[in-house]
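Rule-based calculations on the coordinates, nothing more; no lab input. Fair warning: this is a prediction, and the values are worked out from it, not measured in the lab. Please note: Cβ atoms are built from the backbone with ideal geometry, for glycine as well, and neighbour counts cover all protein chains shown.
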Amino acid sequence: MDSEIMSTSPDGRYTVRTTPWEARNTLWVYPPEVVAQDTGRVVFRFADTHWSADSSTWESASRVRLALRKYPGGQPRGSVVACIDCALGTGEFEGRRMALASLEAVLDDALQAA
C-alpha cells in the first residue's frame, strides 16, 4: 500500500506520513514517520511498525504532537502522546526531552507502566 500524508507542518517543510497495514479484518495500523519535505530525510520513524498514530497536530512549524497506540493493545496503558521537534531533532514525553533515538524505548516503557 502507498503512504499517506496525515498532516503537514504550517510552513510545509515537514510531513507526517504513514503506510497503513491491515492487522485484522478492518483493523488498520498507521505507523507514522516524520519527513523533511525538501530533502526527503526521515526525521523520525519507529523501528517497530506496530505503533499507530491516531492523530498528528502541529504545535509550531517544526513541532508535532502524535497521539499513539501500539497494536495489538492490551498494555496497561492504552495510549501515549509524544512530541517531536524536527528542528532540534528531539522528542518529548511527559515533559521529558530526549534524543529521538531514545523516544521509542521510553514510549514502550510508558505503555507497560500502570
Given Cβ point charges of +1 (Lys, Arg) and -1 (Asp, Glu) and nothing else, what value in debye, to the nearest 20, does the dipole of the chain about its Cα centre take?
120
Pick from Thr39, Thr90, Thr19: which residue has the top mean-square fluctuation in a GNM of the chain where Cα pairs under 10 Å get a spring?
Thr39
Given that compact globular proteins tend to follow 2.2 N^0.38 Å, what is the ratio of the alpha-carbon Rg of the chain to that value?
1.02
Given points 7 Å out from each Cα along the Cα-Cβ axis, report the Ala99 to Ala61 separation in nanometres with one decimal.
2.8
How long is the gain from Val106 to Leu88 if the chain were fully straight, where each residue apart is worth 0.36 nm and the alpha carbon distance is subtracted?
4.6 nm
Nitroxide proxy distance, nm - points 7 Å out along Cα→Cβ at Leu27 and Arg77:
2.2
Rounded to the nearest 0.05, what FRET efficiency do Asp11 and Ala113 have when you use their Cβ-Cβ distance and R0 = 30 Å?
0.25
Expected max-MSF residue from Tyr14, Tyr71, Tyr30 in the GNM of the chain (alpha carbon, under 10 Å) is Tyr71
Cα-Cα pairs of the stretch 12-67 separated by more than 15 Å (percent)
49
